[in-house]
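What follows is a set of notes on a single structure, which appears directly below.
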Amino acid sequence: MTHFRKTASAIAMTLALVAPMAQAQDFSTSDLEVSLDFPQPWPLENLIEDGKLIIATTGKTAGETFIGENGELQGARIDLWTKMAEDLGLEPEFVRVDWAGVMPGLAANRFDLGCEGASWNNDRLTSNDFFLTRPVKVAIHVAVVKKDSDYDSLDDLAGVKIGGVKGEMELKHLVEATGHAEEDALGLPGVTESRLALMNGQIDAYGTGLHAATALLESEGGDQFKILSTPTSVGVGGFCVNAREPDLLTAVNFLLAKYRTDGTIRELNDKWGLPDTSDMLSVVGY
Amino acid sequence: MDFDLSVWMTRGPYILRGLYETLVLLAGVLVISAPLAVLTGLALEARSRWLRLPALGLSWLIRGVPPLIILFIAYYVLPVVLDIRMDSLTAAVAGFVLYNTFIMGEVVAAGLRSVPKGQHEAIAAAGLPWFRSLRRIILPQAMPTIIPPYVSYSMDMVKGTALAGAIGVTEMVTRANQAIVATNRPFEILIGVAIIYGIIDAFLIALQMWSERRWDHKGHLSA
Amino acid sequence: MSFDPTLIVEAWPQLMRGLETTVWLFLAVMILCTPLSLLVALARLSRRRWLSRAAGTYVNVIRALPLLVILFFTFYGLPSLGIFVSPFTAALGGMVLVTTAYLAEDLRAGLMAVPRGQFEAADALGLPQARFVRRVLIPQALPIMCGPYFTRAIVTVKATSIASLVAVSELTSASMAKVTETYRAMEYLAFAAVAYILLSALIAVVQAVVQRRVRLP
């Protein structure tokens with residue numbers, strides 16, 4: 001009896017496993033269109049001001065959020081945030097603030113949303129002051145050197161002078177990838193200063209993101225630089241949402257998934273000349 | 001290094017619009033903190049311990065805090081802790097007024113200290129009205145000691161307005177920095193900013209020269 | 001708003017290195033600026049026109065120039081002319097240039113607190129200038145100069161944060177680097193604020209000691 005029972009249950013289990021597969025053969029998933037309906041307007045309970053999405057941005061990131069010749073904020077992120085606000089039924093309000101004020105502002109409930117592309121790291125993922133959203137890009141960190149230099153790989157950078165924006169992950173990753181001590185790297189206040197220091201020969205290489213490096217190469221005089229082909233690190237980057245607004249986090253995460261699926265992110269990257277990493281985002285599960 | 005000032009043709013209007021915030025901030029701070037600084041100076045030199053000691057303590061504390069932190073507290077901490085919400089320009093004016101009141105207050109106190117003690121005593125002994133004698137006798141004598149550092153700190157404040165960018169005031173330097181990132185022309189843009197600051201400062205220097213002539217000390221070294 | 005003090009503990013070595021740099025930079029600036037600014041202040045009081053004019057021009061031009069711009073040109077501009085300045089030297093040089101001008105005005109204000117009758121008396125008596133300055137002018141001006149001098153010192157200790165522009169990792173830039181790295185603002189900003197307050201408290205203690213010793217009889 002016991003023997004029979006075991007066999008029977010084994011057969012039942014096998015059937016149970018095979019049955020859905022047999023059914024699935026009837027249609028191909030590649031033809032299916034996934035429904036991404038969402039409530040419009042999206043009911044958000046915790047906004048700082050009703051009907052408004054207050055977004056903090058420095059306006060100092062090439063291609064993503066910067067001031068155009070007309071004096072208006074523009075860029076791929078500005079377009080994306082504007083569309084996001086519209087889809088949520090909100091009016092976007094951009095606050096131009098120095099970087100020093102972005103995080104305190106989120107913690108102090110002055111802004112709903114901030115950061116144009118915060119690379120994920122342990123400290124940021126576990127912060128109580130804000131939520132990190134789903135990634136909007138794969139953050140590829142690279143080293144930029146002068147075109148006429150002999151540096152072709154990260155190994156060539158061992159022992160040379162390196163620099164980057166102080167405190168940023170881009171600099172940290174270059175330091176790690178080239179085996180430097182952190183104190184030996186020149187911590188500069190911004191991308192402009194990094195570019196100048198490289199041109200002047202005060203440093204031989206600086207660590208930055210692929211987005212910024214691409215923008216640099218395309219800018220006036222950018223042909224004197226090159227990007228080393230091996231990245232110093234590959235991670236992901238997203239936005240920061242006010243920690244008092246979990247409903248906004250859900251909404252933003254949903255919309256990022258939607259924009260990635262319907263090609264909005266790719267379209268905006270193409271429009272602003274940014275390298276598109278939408279396809280690579282599946283590594284983080286969406 | 002090629003130097004191309006034509007960047008001011010395209011970016012100039014955007015940067016110069018920030019001059020409005022810069023000037024409102026500067027004027028607001030200098031005008032509001034002037035009378036407060038005199039009061040603080042008087043409190044710092046007061047004979048009453050109940051006035052002097054709190055003033056000394058506050059002055060030490062406020063002067064010791066970096067102005068950026070004071071701005072942060074005004075804009076980011078007050079709304080959370082005390083539910084006081086100011087827009088960024090108001091918060092910047094409030095923060096700088098607090099800071100400058102004590103910086104300038106110390107300047108005024110040093111001026112009051114420069115007037116010989118005997119005069120204060122003589123005024124009290126003669127029963128002259130306090131406020132009038134302060135205005136007519138004490139302050140005019142203190143002016144040569146007050147003016148140079150007072151104008152110095154005002155000129156310091158001109159450049160200090162740039163800190164307000166961290167709490168969302170889009171004053172001139174914040175805009176200039178954005179233009180620098182967009183154009184990669186830091187030297188051209190910074191030269192322009194320096195000239196504009198120079199013009200504002202020139203007014204303050206003229207004010208100093210005028211008032212030093214008015215309250216001339218006339219003491220000179222022959223060498 | 002959350003506050004996690006363990007973050008400060010973890011970053012302690014970096015933050016302390018920043019604090020140390022701030023202290024060294026501050027001390028170097030004050031040690032160089034004190035005698036220089038006294039000379040400039042005395043030059044401004046000189047009866048020799050060219051001398052007082054030159055000193056006055058220096059003071060006014062430098063006070064009108066933003067240090068940020070001076071430093072930017074020294075550190076990022078000069079290399080294109082083949083002149084390289086190390087970060088600390090650039091910061092120190094720039095700060096000395098500017099602080100001397102400001103401090104000179106503070107000290108001159110103190111010197112002018114000495115009644116003008118004394119200047120005239122010294123002239124009439126034919127007292128040698130150097131002796132007049134050392135024995136009469138400065139001893140009387142010291143009690144008045146103390147307050148403005150130490151206020152300038154307190155302002156200068158915080159102004160050293162400009163050094164971060166030329167990649168000197170001082171207190172503010174070390175703290176802001178941690179904010180950028182971790183995206184946690186309150187902890188590191190609070191650390192910086194407390195450190196600056198303690199430094200200015202130390203200066204206030206020195207001021208109290210000095211003031212007691214220079215008080216007029």
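The values are calculated or read from the model by the stated rules, or taken from the named source; none is laboratory data. Owing to the predicted nature of the structure, the values given are computational and were not obtained by experimental measurement. Here Cβ is always computed from backbone atoms with ideal geometry, including for glycine, and neighbour counts include all displayed protein chains.
Yes or no, residue by residue, for (1) within 22 Å of the chain's Cα centre (by Cα); (2) modelled with pLDDT under 95:
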residue	(1), (2)
C:M1	no, yes
C:D4	no, yes
C:L7	no, yes
C:W12	no, yes
C:V23	yes, no
C:A28	yes, no
C:V40	yes, no
C:A43	yes, yes
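Which one is surrounded by the fewest Cβ atoms within 10 Å (Cβ to Cβ) among residues in the range A:110-165 that are aromatic (F, W, Y) and in a strand (DSSP E or B)?
So the residue we want is A:F131.
Quick one: which helices (runs of 4 or more DSSP H) lie wholly within the range B:72-164 and hold at least 2 residues that are within 14 Å of chain C (Cβ to nearest Cβ) and crowded, with 18+ Cβ neighbours inside 10 Å?
By residue number, B:88-114, B:139-160.
Has the range C:14-22 got any residue that is on the phi < 0 side of the Ramachandran plot, touching a helix residue (DSSP H, G or I) at 6+ places or on another chain (Cβ under 7 Å) and hydrophobic (A, V, I, L, M, F, W, C)?
yes
Hey, can you tell me all the residues within the range A:239-270 that are among the hydrophobic types (A, V, I, L, M, F, W, C) and in contact with a strand residue (DSSP E or B) (Cβ under 8 Å, 6 or more places away or on another chain)?
Scanning the range A:239-270 gives A:F239, A:C240, A:V241, A:A243, A:L248, A:L249, A:V252, A:L256, A:A257, A:I265.
Contact list please: Cβ distance under 6 Å, first residue in the range A:73-88 and touching a residue at least 12 places away in the same chain (Cβ under 8 Å), second residue of a type in the set (V, I, T), pairs at least six apart or on different chains.
A:G75/A:T65; A:R77/A:T65; A:I78/A:T65; A:W81/A:I55
Could you tell me whether the range C:133-150 includes any residue that is modelled with pLDDT of 90 or more and either among the polar types (S, T, N, Q) or part of a helix (DSSP H, G or I) (or both)?
Scanning the range C:133-150 turns up at least one residue that is modelled with pLDDT of 90 or more and either among the polar types (S, T, N, Q) or part of a helix (DSSP H, G or I) (or both).
Per-residue answers, yes or no, for (1) among the hydroxyl-bearing types (S, T, Y); (2) free of Cβ contacts under 8 Å to residues at least 12 places away in the same chain:
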site: C:T74; (1), (2): yes, no
site: C:I83; (1), (2): no, yes
site: C:V96; (1), (2): no, no
site: C:A104; (1), (2): no, no
site: C:A109; (1), (2): no, no
site: C:A113; (1), (2): no, no
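How many residues does the range A:181-198 hold that are more than 8 Å from every other protein chain (Cβ to nearest Cβ) and modelled with pLDDT of 90 or more?
So the count comes out to 3.
Please determine, by comparing only the residues of the range A:115-139 that are touching a Ser or Thr at 6+ places or on another chain (Cβ under 7 Å) and more than 9 Å from chain C (Cβ to nearest Cβ), which one is nearest to C:S173 (Cα to Cα).
A:E116
Here is a yes/no grid of residues against (1) modelled with pLDDT of 90 or more; (2) of a type in the set (D, E); (3) on the phi > 0 side of the Ramachandran plot:
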position: A:D247; (1), (2), (3): yes, yes, no
position: A:F254; (1), (2), (3): yes, no, no
position: A:T261; (1), (2), (3): no, no, no
position: A:W272; (1), (2), (3): yes, no, no
position: A:S282; (1), (2), (3): no, no, no
